Amino acid sequence: MFIQAITLFPEMFESITEYGVTGRARKQDIWQFAAINPRQFADNKLGYIDDRPFGGGVGMVMMAEPLFCAIQAAKQQFSGSLKNSRVIYLSPQGQSLSHKKVLELSQLDNLVLLCGRYEGVDERVLQTAVDEEISIGDFVVSGGELPAMMLMDAVLRFVPNVLGEIASAEQDSFADGLLDYPHYTRPAEFQGMAVPDILKSGNHALIAEWRLEQSLRRTLTRRPDLLVSRELLPQETRLLDKIRQESDE
Ligand SMILES: Nc1nonc1C(=O)NC1CCNCC1
């Protein structure tokens, strides 16, 4: 997968291109990255890429031309199938990023991430050069770079060989529509708190059932909305009934 970020701050992306599992996978050429700074396409000597908003109001707006040229430049770098590509603008006005969308994006050959700053970007860029807008949450941050990196990290976990053992991505919470179960490691006792005995039993079937029950319990308690549209397996229905009976007692 070839990911390109259109950003005024290319260096920010070193946190995902140079470190952790994503950095290692990039260095192994399992995925590729390039940053394009729209300032290089500014048509003025001072490199202005923002201007005051028509209609007045606070702040500045990123101008259409430099961003449009940067997106065109990114498209000229595409590898693989041009059809299997997407230009995404990170913004609170976008569709909320979900596990389903992450899986969809992980199948692409080319991904261009437009990172806005200031109050936003000229709407005509979105109308002519952006395929979709995606939000990482109902809040506002200073720039689109951190949202872009969150999207990249989530997507790259499902690109083959990035994690080294794709199974851990498929076992992530949300991969099966439930919140994650509790995790423990050594020591067996910490500040008087012991690790649940079942996890030391070596009985993998019972451990799997305990973990599923914990995931269901956490999901029911913290995010019951996730259970509304989720098809339940017979074992999950049985465990949920058990959990609900316990809370009714
Ligand atoms: N939430 C968000 N999900 O994606 N991007 C988000 C965001 O807050 N972007 C900022 C909006 C104001 N201008 C600077 C960028």
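The values are calculated or read from the model by the stated rules, or taken from the named source; none is laboratory data. This structure is a prediction, so every number in the text was calculated from the model and none was measured. In this analysis, Cβ positions are derived from the backbone assuming ideal geometry, glycine residues included, and neighbour counts consider all displayed protein chains. Each accessible area value is taken on the protein alone, full model and side chains, heavy atoms only, with ligands, DNA and RNA left out. Shrake-Rupley method; radii C 1.70, N 1.55, O 1.52, S 1.80 Å.
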Output for Cβ contacts, cut-off 7 Å, separation at least six or different chains, first residue farther than 20 Å from L67 by Cβ in the range 89-100, second open to solvent by 50 Å² or more (accessible area, probe 1.4 Å) and more than 9 Å from the ligand (Cβ to nearest atom), reads H99/F174
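Which residues, taken from the range 157-178, are at pLDDT 85 or above and open to solvent by 40 Å² or more (accessible area, probe 1.4 Å)?
Step one: list which residues in the range 157-178 are at pLDDT 85 or above, which gives 157-163, 176-178.
Those that are at pLDDT 85 or above and open to solvent by 40 Å² or more (accessible area, probe 1.4 Å): R157, P160, N161, D176.
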In the set V141, V130, the lone residue that is open to solvent by less than 30 Å² (accessible area, probe 1.4 Å), of a type in the set (V, I, T) and within 26 Å of A42 (Cα to Cα) is V130
From the option list L103, L90, single residue qualifying as within 16 Å of the ligand (Cβ to nearest atom), farther than 18 Å from Q32 by Cβ and open to solvent by less than 70 Å² (accessible area, probe 1.4 Å) is L90
Within the range 222-237, residues in contact with a Leu (Cβ under 9 Å, 6 or more places away or on another chain) and in a helix (DSSP H, G or I) come out as R222, L226, L227, Q235, E236
Taking first residues from the range 193-204 that are under 13 Å from H183 (Cα atoms) and second residues anywhere that are of a type in the set (V, I, T) and assigned to a helix (DSSP H, G or I), the pairs with Cβ under 8 Å that are 6 or more apart or on different chains are I198/I207; L199/I207
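For (1) assigned to a loop (DSSP other than H, G, I, E, B); (2) of a type in the set (S, T, N, Q), each residue gets a yes or a no:
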| site | (1), (2) |
| --- | --- |
| E14 | no, no |
| G23 | no, no |
| I30 | yes, no |
| F33 | no, no |
| R39 | no, no |
| P53 | yes, no |
| V58 | yes, no |
| L67 | no, no |
| Q77 | yes, yes |
Going through (1) closer than 30 Å to G177 by Cα; (2) open to solvent by less than 20 Å² (accessible area, probe 1.4 Å); (3) within 13 Å of the ligand (Cβ to nearest atom) one by one, G116 fails only at (1)
When restricted to L233, L220, the only residue within 15 Å of D176 (Cα to Cα), loosely packed, with under 12 Cβ neighbours inside 10 Å, without any contact (Cβ under 8 Å) to a residue 60 or more places away in the chain and within 32 Å of the chain's Cα centre (by Cα) is L233
